[in-house]
Amino acid sequence: MIDAIRFTEIPNARNRSSRKDVSMTAEEFAAALDKPVSVVDKSERPAASWGIHGSGRVVQDTLQAVTAILLDFDSKGDVSPAFDVAVTDCAALDFAAFLHTSYSHEPERPAFRVIMPLKGNLEPRLNPAATLSTATNMAPF
């Protein structure tokens with residue numbers, strides 16, 4: 001089981017200079033995902049970076065370590081499975097996976113993310129290969 005879920009909270013996705021390093025238990029994280037976020041202006045929405053950043057803006061260049069694998073499912077036609085199907089499939093995994101719908105999610109056009117926290121840190125250069133490997137091995141996605 002994961003001891004702590006760590007990420008960088010960005011209060012405003014457009015202005016990435018303000019941030020807060022967050023660490024919470026799996027239970028706290030699941031409870032936070034249960035609280036719907038409502039935004040009027042999508043450009044002013046909060047965001048998260050699944051990593052540890054150095055000083056400065058939260059951008060790829062300041063990323064020092066990856067703390068979770070993130071899979072982003074955004075249907076453009078019939079690409080993504082239904083959210084409920086994904087929840088059921090992820091419940092059968094032998095590792096922690098958290099799912100949440102994105103701002104553009106609609107039942108007929110699923111848009112959601114699967115977040116898989118890591119027990120340790122992953123070097124940023126290894127993230128693309130780790131994400132591809134995870135996505136490839138997560139049948140039936």
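The values are calculated or read from the model by the stated rules, or taken from the named source; none is laboratory data. This structure is a prediction, so every number in the text was calculated from the model and none was measured. Neighbour counts are summed over all protein chains in view; Cβ atoms, including those assigned to glycine, are modelled from backbone coordinates with ideal geometry. These accessible areas exclude ligands, DNA and RNA; they are computed on the full protein's heavy atoms, side chains included. Shrake-Rupley method; radii C 1.70, N 1.55, O 1.52, S 1.80 Å.
Considering only Ala111, Ala13, Ala31, the mean-square fluctuation computed in a Gaussian network model of the chain, springs between alpha carbons under 10 angstrom, is largest for Ala31. Accessible surface computed residue by residue for the chain, with neighbouring protein chains in place and a 1.4 Å probe, gives 61 Å² per residue.
Treating r as the C-beta distance of Val22 and Glu108 and R0 as 25 Å, the FRET efficiency rounds to 0.15. Put a plus charge on the Cβ of each Lys and Arg, a minus charge on the Cβ of each Asp and Glu, and nothing anywhere else: the dipole of the chain about its Cα centre is then about 580 debye. To put it simply, the accessible area of the chain at a 1.4 Å probe is 52 percent carbon and sulfur. Kirkwood hydrodynamic radius of segment 95-138, from the reciprocal of the average inverse Cα-Cα distance over all distinct pairs: 12.2 Å. When shorter helices are ignored and each DSSP H run of at least 4 residues is given -39500 (n - 2.57), the per-residue value for the chain at 222 nm works out to -5500 deg cm²/dmol.
Taking each residue as 0.36 nm, the span from Ala47 to His100 lengthens on full extension beyond its C-alpha to C-alpha distance by 17.8 nm.
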